[in-house]
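Have a look at the structure below, then the notes.
Nothing in this text is a laboratory measurement; each read-out follows from the coordinates by a stated rule. All figures in this text were calculated on a predicted structure; none of them were measured in a lab. Methodologically, a virtual Cβ is constructed for each residue, glycine included, from the backbone with ideal geometry; neighbour enumeration extends over all protein chains shown.
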Ligand code: SF4
């Protein structure tokens, strides 16, 4: 599988470029296995009777070394173990990867190292081992504190296990986030507010609160298509979104991104790197990267199948299947799509430096004027920002706004 635009051969690291680009780096490591497939999930996750642990870890370590040789020993600001379910990894494997990253790159003194975890009791039992390995933040896939909702969402844990895992994690990790899914079938505002208040009472510095969406190719897409359940209509979904922000604010958490809430300083630095359109490397099956080299910004993606990805790593050092130069137009488009998700919006000077395009030249002037007049966007000399009302409508606004 290959992309369309200018390509670099994937078997040779671009060694002429070493040391000349010193953008800081966020590192993503993908663990592609789960105990079962949740019916709403379209992530690159796979269920296996037996996880080929040793092979996967060896391939991840090999690909990390390949990536470091390709892009140089940059300052590493974050590592994020995502999935799949990285809490199925052995703590010693997590420690080995963190150790490799620390040796191959230059870790920032305050590096953020996050691991996504599911709250079954077995996985929670590994928390202390992950902390010992260097993980300083966990993101727990709680999804709901309501037993019937957990069953509907196909989760492997109970609400009680989720609460216990959160409490355990609070005592072990300096930073903690957990996810909830709302706007579920049959959910009303009072019920969601009550569930959210319980969650906020358990929360530390960060929460991710997502509305349920039906993703193509999932089990829910089939069931929804057959009319097996209905989602809240738009008016109720909007009311639930507003209620979410209101309740979170009461507990001191602000929406710094459409679905992410944090106390000041509690923002996910790793995810901020994506939204601020900074450099990130991704290793593992299906992982993506955006890396600045001396000749521009390059987009990489890797084979999604775990075994096929490992075959590629074993034969040529990397599972990269696409490596494309990102055109000026795509740089501007991607930076806009990401940056307008953030409450802080987009820094105009930074945008121009990063994309090579003036922000005003990247958007349709007429649509921009209309959005500002309608109160969806604000623009001054320094920043373009989507307001709360604008962020609610971003999916509808962006196709017209972005050139
Ligand atoms: S545990 Fe997470 S990654 Fe795995 S199937 Fe469920 S939602 Fe997807």
What is the distance, in nm, between label points placed 7 Å from the Cα along the Cα-to-Cβ direction at residue 151 and at residue 121? 2.0 nm
Helix-only [θ]222 nm of the chain, DSSP H runs n ≥ 4, -39500 (n - 2.57) each, per residue, nearest 500: -12000 deg cm²/dmol
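Quick check: from the Cα gyration tensor, does the chain come out rounded (a/c under 1.5), prolate or oblate? Please list the in-between numbers first.
Values: a/c = 1.55, a/b = 1.07, b/c = 1.45.
Since a/c reaches 1.5 but b/c is at least a/b, the shape of the chain is classed as oblate.
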Can you give me the relative contact order of segment 312-403 as a percent, contacts being Cα pairs under 8 Å and 6 or more apart? 29 percent
Average the reciprocal distances over every distinct pair of alpha-carbons in segment 215-340, invert the result, and give the Kirkwood radius in Å. 18.1 Å
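Based only on other Cβ atoms within 10 Å, what is the fewest-to-most ordering of 92, 352?
With the sparsest Cβ surroundings first, the list reads 92, 352.
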GNM on the chain, C-alpha springs below 10 Å: top fluctuator among 101, 109, 349? 109
Can you tell me how much longer the chain between residue 237 and residue 337 gets when fully stretched, taken as 0.36 nm per residue apart minus their C-alpha distance, in nm with one decimal? 33.8 nm
With the contact rule set at Cα under 8 Å and sequence spacing of 6 or more, what percent relative contact order holds for the chain? 17 percent
Exposure-ranked with fewest Cβ neighbours within 10 Å first, 157, 30, 288 stand as 288, 157, 30
For segment 67-182: rounded, prolate or oblate by the Cα gyration tensor [a/c cutoff 1.5]: prolate
Three-way shape call for segment 196-284 based on the alpha-carbon gyration tensor, with the a/c threshold at 1.5: oblate
Name the most mobile residue of 32, 264, 107, meaning the one with the largest mean-square fluctuation, in a Gaussian network model of the chain with Cα contacts below 10 Å. 264
Comparing 361, 279, 93, which has the greatest mean-square fluctuation in the GNM of the chain with Cα pairs linked when under 10 Å apart? 361
Antiparallel DSSP beta bridges within the chain, percent to nearest 5: 45 percent
Cut-off is 10 Å between beta-carbons; in what order do 76, 209 appear when sorted fewest neighbours first? 76, 209
